[in-house]
Amino acid sequence: MPEPDALARARAAAAAAASKAGEHILILDLRGQTLITDFFVICTATSRVHLRAVREGIEEAMAQSRHRLGAREGNEEAQWVLLDFGDVVVHLMSEERRAYYKLERMWQGAAEVPLAGPSG
């Protein structure tokens with residue numbers, strides 16, 4: 001059973017990415033499809049410098065909200081960074097990596113969640 005605020009954490013990560021001009025941001029609801037996490041947040045960055053800025057923005061925003069980063073995989077040089085917050089996993093990718101790996105297609109059975117709730 002997911003924590004009640006897992007979706008709020010996913011939306012907070014997506015909002016932090018948007019605040020750093022992340023592109024093509026989406027949230028996928030993976031509940032019932034995998035045990036590894038409840039939500040993916042996927043975001044494109046336009047350069048390595050931009051990827052770093054988005055990553056740092058998400059990490060800072062989540063830390064300020066007391067959402068603990070469990071692990072970080074990859075780096076700007078690899079053009080793909082994964083941030084693991086437990087029930088939320090963030091994928092920051094260059095346009096080339098995102099087009100190549102097609103996570104949205106891999107998880108095509110997952111519902112896309114609106115970036116903001118009914119009141120936002």
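Nothing in this text is a laboratory measurement; each read-out follows from the coordinates by a stated rule. What you see is a predicted model, and the numbers here were worked out from it, not measured in a lab. No Cβ is skipped: glycine too gets one built from the backbone with ideal geometry, and neighbour counts run over all protein chains shown.
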With θ set to phi - 60°, apply the Karplus curve 6.51 cos²θ - 1.76 cosθ + 1.60 along segment 38-43 and write out the HN-Hα couplings as whole Hz, x wherever there is a Gly or Pro.
9, 9, 9, 10, 10, 9
At q = 0.22 Å⁻¹, the log10 of I(q)/I(0) for the chain from a Debye sum over equal Cα scatterers comes to -1.34
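Report, in debye and to the nearest 20, how large the dipole of the chain comes out about its Cα centre when Lys and Arg carry +1 and Asp and Glu carry -1 on their Cβ. Mind showing how you got there, number by number?
Values: 14 positive and 17 negative charges, 14 e Å.
Dipole of the chain, to the nearest 20 debye: 60 debye.
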